[in-house]
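K.L.:
Quick one: this structure, given as structure tokens, is what I'll be asking you about.
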Amino acid sequence: MTRLFLLLVLVLAGTGADARTRERERAAEAGRFDYYVLTLSWSPAYCERRPEDRQQCGAQRHGLVLHGLWPQYAGGGYPADCAAPVPLTEDARRFGMTVFPSEKLVAHQWRKHGACTGMDPKTYFRIADEARDAIRIPPELEPGTRTRETTARDIARALRDHNPRITQRGLAVVCSGPEFSELRICLTKDLQPTACGRGVRDACRQGPVRVRGAR
């Protein structure tokens, strides 16, 4: 009886593992997602860590730049590294370079996130550009040369003041240690502001955070 019980437990565990594997496979299917997260990166913070990225961190001073447009699940998590419906052509890559700040980012965002939209690369880059252009950047988040202190709450408030349709639940402020690094804005598939799903939330410490100046 003990052996039979153990065998039954192993069979059920294997069945559960197979079901979870099939669920992950279905979840990673291109085009199966609920909403987007538009991610805008604070370039001065990135360039302080990665000065070797000359395309993004060269002579031009950037503030908030498009980091990605990420498909998401409302219940948490996101599809990634889906089988691409079509390859990233050279023409699409060149177009992507007009949208993202570096060629490396173009390739990475398409491979990890864009392919999961079910779109072709050029359409994905165009949609990402439209999403970025629809967001009004407040003066407080324009690049300056001086590093200043603020709070994550004030950063979120400034963005919402200039984009009244974005609610408190539709935005997350992300920091790297004590420094502001990203804004994440939740959008429907039609690029309209919406509440974020599970797992998209503020990730900054309490109290002052630094907004690094552009060099």
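The values are calculated or read from the model by the stated rules, or taken from the named source; none is laboratory data. None of these values were measured; they are calculated from a predicted model. No Cβ is skipped: glycine too gets one built from the backbone with ideal geometry, and neighbour counts run over all protein chains shown.
K.L.:
Please give the number of the condition residue 13 fails out of (1) of a type outside the set (S, T, N, Q); (2) at pLDDT below 70; (3) in the same structural domain as residue 81 (by TED's automatic domain parsing).
P.N.:
Going through (1) of a type outside the set (S, T, N, Q); (2) at pLDDT below 70; (3) in the same structural domain as residue 81 (by TED's automatic domain parsing) one by one, residue 13 breaks only (3).
K.L.:
Any residue at all in region 201-215 that's modelled with pLDDT under 95, aliphatic (A, V, I, L, M) and outside any strand (DSSP E or B)?
P.N.:
Checked against the condition, which is being modelled with pLDDT under 95, aliphatic (A, V, I, L, M) and outside any strand (DSSP E or B), region 201-215 yields at least one hit.
K.L.:
Could you please find all residues in region 167-215 being β-branched (Val, Ile, Thr), surrounded by fewer than 20 Cβ atoms within 10 Å (Cβ to Cβ) and in contact with a Pro (Cβ under 8 Å, 6 or more places away or on another chain)?
P.N.:
167
K.L.:
Then there's this: Write out, first by first residue and then by second, each pair whose Cβ atoms fall under 9 Å of each other, whose residues are 6+ apart or on separate chains, and whose first residue, in region 98-123, is under 21 Å from residue 57 (Cβ atoms) and hydroxyl-bearing (Ser, Thr, Tyr) while the second is modelled with pLDDT under 95 and in a helix (DSSP H, G or I).
P.N.:
These pairs meet every condition: 102/54; 102/55; 102/56; 102/57.
K.L.:
Another question about this same structure. Give me the residue from region 84-103 that is at pLDDT 90 or above and small (Gly, Ala, Ser) and, out of that set, surrounded by the fewest Cβ atoms within 10 Å (Cβ to Cβ).
P.N.:
If we take residues in region 84-103 being at pLDDT 90 or above and small (Gly, Ala, Ser), then 102 is surrounded by the fewest Cβ atoms within 10 Å (Cβ to Cβ).
K.L.:
Sticking with this one: Filter region 64-114 for residues that are closer than 21 Å to residue 134 by Cα, aliphatic (A, V, I, L, M) and more than 15 Å from the chain's Cα centre (by Cα) and give the result.
P.N.:
Result: 97, single match.
K.L.:
Which residue out of 98, 39 is of a type in the set (S, T, N, Q) and within 21 Å of residue 174 (Cα to Cα)?
P.N.:
39
K.L.:
Among the residues of region 50-66, which ones are surrounded by 12 or more Cβ atoms within 10 Å (Cβ to Cβ) and part of a helix (DSSP H, G or I)?
P.N.:
Listed by number, the residues that qualify are 55, 56, 57.
K.L.:
Could you check region 115-140 and list, in sequence order, the residues that are of a type in the set (A, V, I, L, M, F, W, C) and either within 19 Å of residue 165 (Cα to Cα) or touching a strand residue (DSSP E or B) at 6+ places or on another chain (Cβ under 8 Å) (or both)?
P.N.:
Of everything in region 115-140, those that are of a type in the set (A, V, I, L, M, F, W, C) and either within 19 Å of residue 165 (Cα to Cα) or touching a strand residue (DSSP E or B) at 6+ places or on another chain (Cβ under 8 Å) (or both) turn out to be 116, 127, 128, 131, 134, 135, 137.
K.L.:
How many residues does region 125-151 hold that are surrounded by 15 or more Cβ atoms within 10 Å (Cβ to Cβ) and either of a type in the set (A, V, I, L, M) or without any contact (Cβ under 8 Å) to a residue 12 or more places away in the chain (or both)?
P.N.:
The qualifying residues number 7.
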